[in-house]
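**Student:** Below you will find the structure I want to go over with you.
Just so you know, all these numbers are worked out from the coordinates, no wet-lab data involved. Computed from a prediction, not measured in an experiment: that's the story for all the values here.
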Amino acid sequence: MHDLLPESLQARLVAGNAQSPRKSSGGDMSDSVNPQIVDSVATSATSVIAAGPNVALGMFYQAAGQAFSLTMQNASSNQQNLNALNPSIVANALKVLSGA
């Protein structure tokens, strides 16, 4: 798991402990990081990176679905507009055919 961490953190890992960049102001506080924490962070980073392609594909499907629905909405709107114009188009065509 440690190979997934940046090189700067890998360099600080010594026998499962990472030295803190800050020195404690005193007391009995440890400057090491529990290896389980390091592995947990590495696992979280790996799962976030692994989910990237799935999220991208989901976003693509969402965008494609929205584009298709917009196309259908425009087609429906155009059909409604042509249906509203049909009576006047037929009337003008009959007028031209009758020669009046």
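**Student:** Counting only Cα atoms, I'd like the Rg/Rh figure for the stretch 29-71, Kirkwood definition for Rh. The partial results should precede the final answer.
**Tutor:** Values: Rg = 19.0 Å, Rh = 13.2 Å.
Checking Rg against Rh, the ratio lands at 1.43.
**Student:** So who's got an amide H within less than 5 Å of the one on Val33, skipping anything under 5 residues away but keeping other chains? H placed 1.01 Å off N, in plane.
**Tutor:** So Val33 has HN proximity to Ala18.
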